[in-house]
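Nothing in this text is a laboratory measurement; each read-out follows from the coordinates by a stated rule. Just so it is clear, the structure is predicted and the values come from calculations on it, not from any experiment. All Cβ positions, glycine included, derive from the backbone under ideal geometry; neighbour counts span all protein chains shown.
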Amino acid sequence: MGGGDMLEVFLNEARDLLEQLEAALLDLETRPTDRELINTTFRALHTLKGSGGMFGPPAMAAFAHELENAFEKVRQDKVPVTPRLVSLLLQSADQIRKLLFEPGDHSEASRRLAAALNEEVGTAAPAVAAPAAMPVATASAPAGDAKRWRIRLRLEPNALQFGTNPVALFDELRDLGTLAVTADLSRLPPLVELAPTELHLGWEMVLETAAARSQIEDVFIFVDGPDAVLIEALDAAPAAVSPSAEVAPPAAAAAPLPQAAAPAPKGEEARGEARTEAHVRVSASRLDLLLDQVGELVIAQARLTALARNRRDPVLSTVSEEIERLSADLRDSAMGMRMVPIETLFGRYRRVVRDISSDLGKEIDLVFTGEETELDKTVLDRLGDPMVHIIRNSLDHGIESAERRLAAGKPARGHLRLGARQAGTEVVITIEDDGAGLNRARILEKAQAAGVVPEGVTPPDREIDELIFHPGLSTAATVSNLSGRGVGMDVVRRTITELHGSIEIDTRPGEGTRFLLRLPLTLAIVDGLQVSVGETQCILPLTSVEECVELSAVESRASNGRNFVDIRGTLVPLLWMHEVFNEGERGGVVVVVESDTGKLGVVVNQVVGQHQTVIKPVSPLHAGTPGLAGATILGDGTVALILDVNPLARHAVRQRADAVAA
């Protein structure tokens, strides 16, 4: 693995550690005495410091070291966790992110943060500078209750190539107390056989410190390899170590160190191995390439199936069925790799809500439901910014101040709820607040002033609500860092539409507003039911299909200009697809699908059969067409349209409402 690869691994791990650190700090603010959270926070800081010292900028490693030193007092129960301390630590995490990913001189900001943090925990703020290399053997004054530990360090020959810095380990041990180091030259080969990129030295150390064993073990958190580190408590009384006696001659290292280090419990080792096997970091581009190749395989398999059906060769049919089964399993595995729990998205907004509510002087609780719901990573990544805009508007415009809430008979603390659930081939995400609701009068006033709505015209409430998505339209009285320019909600609708989704608003004056986002479960491959409407081939998502019935076998009757069928005592409205496409004769097969408005009977000419559908984008001319989710290539090379059931159902509802009004 080259240096560039190691740097990329470090940066990816640093991102994960910063997210873990932020989540732990936000939890710690509500549970300040939780030891598990305190240890998690410390370990994240320690890991950032250690890995930063190996691969990161020196300023980042030094700054992380200051954070770890400050938080050590919290870990030792000498300093309580306060909201101000959490705020400083969150700002410090942001500073680490800047030091890693934003070029420039951030030393002054780092110095101010370190000074504020050390002032908060009651220590003098040292200068934040790059850690300098120190001699291997130096002495520091031990604490009065110090104990002595014997440590043996044997690194793998390729340890230096992976960024391990033994001198940095000695420096960390020296911070804990008095350290005596002896080099072990027993593995040193003759000069002619010496490989300059390999590590041949070992070290025997005696550490005199008041620190606990766990703190010593934390120093070697990045050291891998069997028996690389052995730690033994010495029973002899502590003895002063003079600087002149610290470096012994090489012969003194010949005595073997007793194998007295306590190994990790078997259960812990097993869990560690399971975690290593269960999580492998793979770039998103590789997953996208894999899914594209699986998609092409599915199309080729469909061609093979069509060929076997036409030739009626039993041997070819058997091979075709086996390949179909294998390609379906491979498709499901590839799809599963891309599915991510939506809690990874929801977790980002805890910090957003905390910071915005603090800026606005509002007390707001954030509640999650359905975090385990899974969504395609491509959809999830693009959903991040639109949801930030909605959340900002809910916090700024929706939820009132504590005084106004109390005057309206509400609790002083507001609530923002983020929820997710799967509905067929869709994931439904809700963002709901218990604020004042949309101010329709002000929205209409602003729209008329901007010329969006003619003067004297009052559209229906639903259309007024949707005016907030109009570009450049904002109801904010002043422009702030949160809202006021009228660009955020326009971005929301455009992004959701590009994802083949939809957004709805349900607002209740004085009670709150709910945004409903409907998004496809995936943008790659779905199981579908192939149907024909005249000469047009269409695909209906199989997860939405409940049953297929002959139209002649069920009773059909008209109601307010719309047709219904009576299926086992339930009236199901019909959508005649030959009218939608303006093609072909009236169909004779009803495909009953489940939509967000209830059951719907889609009337087609013929049901062809099940089809593994690779979703392909349509042309820009057809993009955004309601009811059209994409296209796919059939086994004979022709193109079929993939239908989106929910827009079709809403189209049928509007048709029925228009017929009733007429």
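Counting Cα-Cα pairs of region 525-661 in 10 Å increments starting at 0 gives whole-percent bin shares of 12, 44, 34, 9, 0.
Region 98-112 and region 280-301 have Cα centres spaced 39 Å apart. So if I average 1/r over every pair of distinct C-alpha atoms in region 286-340 and take the inverse, what Kirkwood radius in Å does that give? One over the average 1/r among Cα pairs gives 11.8 Å for region 286-340. Here the gap between GLU198 and GLU372, fully extended at 0.36 nm per residue and compared with their Cα-Cα distance, gives a gain of 58.0 nm.
Defining a contact as two alpha carbons under 8 Å apart and six or more residues distant in sequence, what relative contact order in percent does region 342-520 show?
Averaging sequence separation for qualifying contacts and normalising by length gives 24 percent for region 342-520.
Taking a ≥ b ≥ c as the square roots of the eigenvalues of the alpha carbon gyration tensor, region 282-404 is prolate, as a/c is not under 1.5 and a/b beats b/c.
Couplings for region 79-87, taken from phi via the Karplus curve 6.51 cos²θ - 1.76 cosθ + 1.60 with θ = phi - 60°, read 9, x, 7, 10, x, 5, 5, 4, 4 Hz in order; Gly and Pro are left as x.
Taking the fewest neighbouring Cβ atoms within 10 Å as the starting point, the ordered list for ILE505, ILE151 is ILE505, ILE151. Note on region 188-227 and region 14-42: Cα centroid distance 30 Å, given to the nearest whole angstrom. Set against the 2.2 N^0.38 Å expectation for a compact globular protein, region 3-121 has a Cα radius of gyration ratio of 1.01. Note on LYS98/LEU7: beta-carbon distance plugged into 1/(1 + (r/R0)^6) with R0 of 22 Å gives a FRET efficiency of 0.80.
Using a simple spin-label model with pseudo-atoms 7 Å out from Cα toward Cβ, ALA115 and GLU343 lie 4.2 nm apart.
Taken over region 342-520, the alpha-carbon convex hull comes to 116 cubic angstrom per residue.
Averaged over residues, the count of other Cβ atoms within 10 Å places the peptides 51-61, 210-220 in the sequence 51-61, 210-220, highest first. What FRET efficiency comes out for GLU463 versus ALA553 if R0 is 45 angstrom and r is the Cβ-Cβ distance? Round to the nearest 0.05. Using R0 = 45 Å, I get an efficiency of 0.65.
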